[in-house]
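**Q** The structure that follows is given in the form of structure tokens.
The values are calculated or read from the model by the stated rules, or taken from the named source; none is laboratory data. Note that the coordinates shown come from a computational prediction; the quantities given were computed from them, not determined experimentally. For neighbour counting, all protein chains shown are included, and Cβ atoms are generated from backbone atoms with ideal geometry for every residue, glycine included.
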Amino acid sequence: MHTATAQRTAASPSAVRKTLECRPEAAAHARHLTSTFLEGLRPAPDQGAADAVMLVVSELVTNAVRHSGGRFCSLRVSADPDAITIAVGDASRVPPRRRAPDVRGETGGFGWQMISGMATATTVSEEPGGKTVTAVIARRGRVPGRATAAPTPS
């Protein structure tokens with residue numbers, strides 16, 4: 001379960017898929033896979049988009065490791081001409097939620113707000129055995145006409 005698949009054909013967008021063990025090193029591994037994927041994209045996303053993708057991947061995988069309670073999580077990063085889509089699946093059905101950030105750094109609270117601010121769209125899909133959180137990042141600035149659909153705060 002440790003093989004990455006890259007698809008680069010004219011008929012389908014480029015993508016990398018990976019099943020990760022929910023261990024502390026999963027986020028670093030996901031960042032490495034994503035960085036390699038981004039380096040291979042032509043045309044390359046602008047630097048701001050690449051930075052946003054890396055932050056979103058790190059945050060979503062870290063949250064899956066910390067909060068899902070599952071043994072595995074999944075990473076999918078794909079690209080089309082306008083955007084890069086990050087999808088992280090995990091074993092929890094609990095959606096991310098906005099909460100007051102802890103400025104002391106003890107309990108977080110910054111991630112979902114940060115992701116929602118950088119993404120042109122976010123979705124949370126309940127699936128058998130858990131959920132998938134998806135964020136879309138424009139390759140160059142924001143993609144017009146994409147709305148953000150985030151879960152309501154609880």
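**Q** Considering each residue of the stretch 47-62, count those that are more than 17 Å from SER14 (Cα to Cα) and more than 8 Å from the chain's Cα centre (by Cα), and give that number.
**A** So the answer is 6.
The rows are residues; the columns are (1) under 21 Å from GLY129 (Cβ atoms); (2) surrounded by fewer than 20 Cβ atoms within 10 Å (Cβ to Cβ).
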residue: THR36; (1), (2): no, yes
residue: ALA44; (1), (2): no, yes
residue: VAL56; (1), (2): no, no
residue: LEU60; (1), (2): yes, no
residue: HIS67; (1), (2): yes, yes
residue: SER74; (1), (2): yes, yes
residue: SER78; (1), (2): no, yes
residue: ASP82; (1), (2): no, yes
residue: VAL94; (1), (2): yes, yes
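Here is a yes/no grid of residues against (1) closer than 19 Å to SER14 by Cα; (2) modelled with pLDDT under 85:
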| position | (1), (2) |
| --- | --- |
| ARG76 | yes, no |
| ARG104 | no, yes |
| THR107 | no, yes |
| ILE115 | no, no |
| THR122 | no, no |
| SER125 | no, no |
| LYS131 | no, no |
